[in-house]
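Have a look at the structure below, then the notes.
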Protein chains: 2
Amino acid sequence: MDQAAEAIADPIRRAILRMVRDERLTAGEIAARFAVSRPAVSRHLRVLRESGLVTDDLSGRHRYYSLNPEGLAELHRWLTALMTPAGWEQRLDALETEVHRARRDNRDNRDNRETA
Amino acid sequence: MDQAAEAIADPIRRAILRMVRDERLTAGEIAARFAVSRPAVSRHLRVLRESGLVTDDLSGRHRYYSLNPEGLAELHRWLTALMTPAGWEQRLDALETEVHRARRDNRDNRDNRETA
DNA sequence: TGAACGCGTAACCTATGGGTTACGCTTTAC
DNA sequence: GTAAAGCGTAACCCATAGGTTACGCGTTCA
């Protein structure tokens, strides 16, 4: 979890994670969306790889990156435990709502794609 | 959220957050539990304060710190959204289980305290 | 009232994280 | 088979995060 917490501390790495959440992208495609140089992005990608937050997939001279949700699980659990101290049971209700909202968002996005 | 993500990147600050989750502690009590100097801890506390992750409460010459769960909410939502990409609906079930476990843990701890 | 306590801040040092340019390796394309 | 594309790595530079010691200010207590 330590590695994950460190990895998401950088704004560029957080942006990369959001990029590869729903579609796999090559290193070049990712780098093109940032103002910093390609090698800089390449090192960010290495940090994300080594902390288990993304997976990479070689295909010829391209390397495809995609999010690895499992890599975020431990940190997420840590945060959940931290956010629910003794005597704050109403916070658990809020978290439940959060999950429900995520479920609904996913459903809506799927429907929009299908009707587009 | 950027500030929260940066704040939890440091292992000492993560340890502090866990310490003050269920009980308020003075700066001195917190510092005593670490190998680093008291001023170093004091600055970690400042980072946590300024990022809204803890609240402080002056009382005479003591300053009590306690966790502010709200400060973690935005980062937690960000992680939740990231962990549930399109087509991974089963992950939402896992998150729901996570909340249920937190609820149960809280209940168990409360009961243990009462019967102790 | 003065000594000790609790805590934060200032000044300083060092390690390191993130940036750049230069380079090399493998794969595609002509 | 040679040129170009796609990536990663090495070497280097600089800003800054995190550590230390020294210090100052308010609060307690004898």
If you put +1 on each Lys and Arg Cβ and -1 on each Asp and Glu Cβ, how big is the dipole of the protein assembly as shown around its Cα centre, in Debye rounded to 20?
-> 700
At a 1.4 Å probe radius, carbon and sulfur cover how many percent of the accessible area of chain B?
-> 44
From the residues B:GLN90, B:PRO11, B:SER51, which one has its Cα farthest along the dipole of segment B:1-95 in the positive direction, the dipole being from +1 and -1 charges on Cβ of Lys/Arg and Asp/Glu about the Cα centre?
-> B:PRO11
Using a simple charge model, +1 on the beta-carbon of Lys and Arg, -1 on the beta-carbon of Asp and Glu, nothing else, what dipole does chain A show about its Cα centre, in debye to the nearest 20?
-> 520
For the Cα atoms of chain B, what angle does the longest principal axis make with the long axis of helix B:38-50, in degrees from 0 to 90, nearest 10?
-> 50
Net lengthening on full extension, A:TYR64/A:GLU23 (0.36 nm per residue, minus Cα-Cα) = 13.8 nm
Roughly speaking, what is the centre-to-centre gap between segment A:8-40 and segment A:68-116 when only Cα atoms are used, to the nearest Å?
-> 23
Out of every Cα-Cα pair in chain A, what percent are more than 17 Å apart?
-> 64
Measure of exposure for B:SER42: accessible area at 1.4 Å probe, Å² rounded to 10, is 50
Descending semi-axes in whole angstrom, ellipsoid equivalent of segment A:2-67, from the Cα gyration tensor | 17, 14, 11
Loop-resident sites, segment A:61-116, for trypsin sites (Lys or Arg not before Pro), counting at most 16 other Cβ within 10 Å (DSSP) = A:ARG61
Based on the Cα coordinates of the protein assembly as shown, what is the per residue volume of their convex hull in Å³?
-> 155
On a 0 to 90° scale, report how tilted helix A:70-83 is relative to the longest principal axis of chain A, with both axes built from alpha carbons and the result rounded to the nearest 10.
-> 30
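The values are calculated or read from the model by the stated rules, or taken from the named source; none is laboratory data. Quantities reported herein were computed from a predicted structural model and do not represent experimental measurements. Please note: Cβ atoms are built from the backbone with ideal geometry, for glycine as well, and neighbour counts cover all protein chains shown. Keep in mind that these areas ignore ligands, DNA and RNA; they rest on the heavy atoms of the full protein, side chains included. Shrake-Rupley method; radii C 1.70, N 1.55, O 1.52, S 1.80 Å.
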